[in-house]
1. Select from region 1-47 the residues that are in a helix (DSSP H, G or I), surrounded by 14 or more Cβ atoms within 10 Å (Cβ to Cβ) and polar (S, T, N, Q) and list them in ascending order.
2. How about region 113-147: which of its residues are assigned to a loop (DSSP other than H, G, I, E, B) and either surrounded by fewer than 21 Cβ atoms within 10 Å (Cβ to Cβ) or modelled with pLDDT of 95 or more (or both)?
3. Could you list all residues from region 52-81 that are in a loop (DSSP other than H, G, I, E, B), closer than 20 Å to VAL13 by Cα and either among the β-branched types (Val, Ile, Thr) or more than 19 Å from the chain's Cα centre (by Cα) (or both)?
4. I'd like the full set of residues that are surrounded by 14 or more Cβ atoms within 10 Å (Cβ to Cβ) and more than 22 Å from VAL157 (Cα to Cα), limited to region 79-92.
5. Tell me whether region 100-111 contains one or more residues that are at pLDDT 95 or above, under 19 Å from LEU49 (Cα atoms) and not in a loop (DSSP other than H, G, I, E, B).
6. Consider ARG68 carefully, then state whether it is of a type in the set (Lys, Arg) and touching a Leu at 6+ places or on another chain (Cβ under 8 Å).
7. Of the residues that make up region 4-14, is at least one among the basic types (Lys, Arg) and more than 23 Å from LEU140 (Cα to Cα)?
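The values are calculated or read from the model by the stated rules, or taken from the named source; none is laboratory data. Since the model is a prediction, treat every value here as computed from it, not as a measurement. Cβ atoms come from the backbone with ideal geometry, glycine included; neighbour counts cover every protein chain shown.
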Amino acid sequence: MYGRRVPKHHVRVEAYGAVDELNAALGLARASGATDSMGNTLLAFQKDLVAIMGELATSVQDQERYARDGYPGFQPEMIDRLEQHVAQIEAQNLSLKGWATPGATLHSAALDVARTVCRRAERRISELQAAGELPHAGVLIYFNRLSDLLWLMARWVESQPREATRPTTS
């Protein structure tokens, strides 16, 4: 962006590429049987990711110009929203014992795939931070909380009666 070019293996390209993969994984999770409420939540995260990807694709030297040009980017409120969702699920007192094995349902498995892709994106963003090219340290917190939430969402889906998690057909 802004005329700067980097090779495909550059840490910045790796970071926003991993976030792009996460966006696709969230789309799959949304399409694989999410309730309307969960689908809307996942869609909101996808919109966050688009804003974050644009910022990650922009060099640190161009961040001020990027913001001045009106492009959306990371906002600390994004973390607050994630933490509110975590609190809502945790308030339901799910019985969580031992390790979870993904695959109890298609929807929970899709959420678990999204969680693992989110963890990879977090590692790539951590590399970006180590290279001094992460515009907001809060982005790492966002991805850490998002992966936690995706894990909780998968466990919630597994705790529901099968009929409650199946999409209705007309």
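1. ASN23, THR41, GLN46
2. If the condition is that a residue be assigned to a loop (DSSP other than H, G, I, E, B) and either surrounded by fewer than 21 Cβ atoms within 10 Å (Cβ to Cβ) or modelled with pLDDT of 95 or more (or both), then ALA131, GLY132, GLU133, HIS136, ALA137 are the ones that fit.
3. Hits for region 52-81 are THR58, SER59, TYR71.
4. ILE79
5. yes
6. Here the answer is no, as ARG68 does not meet what is asked.
7. yes
For (1) surrounded by fewer than 19 Cβ atoms within 10 Å (Cβ to Cβ); (2) closer than 27 Å to VAL6 by Cβ; (3) in contact with a helix residue (DSSP H, G or I) (Cβ under 9 Å, 6 or more places away or on another chain), each residue gets a yes or a no:
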{"site": "GLY54", "(1), (2), (3)": "yes, yes, yes"}
{"site": "GLU77", "(1), (2), (3)": "yes, no, no"}
{"site": "LEU94", "(1), (2), (3)": "yes, no, yes"}
{"site": "GLY103", "(1), (2), (3)": "yes, no, yes"}
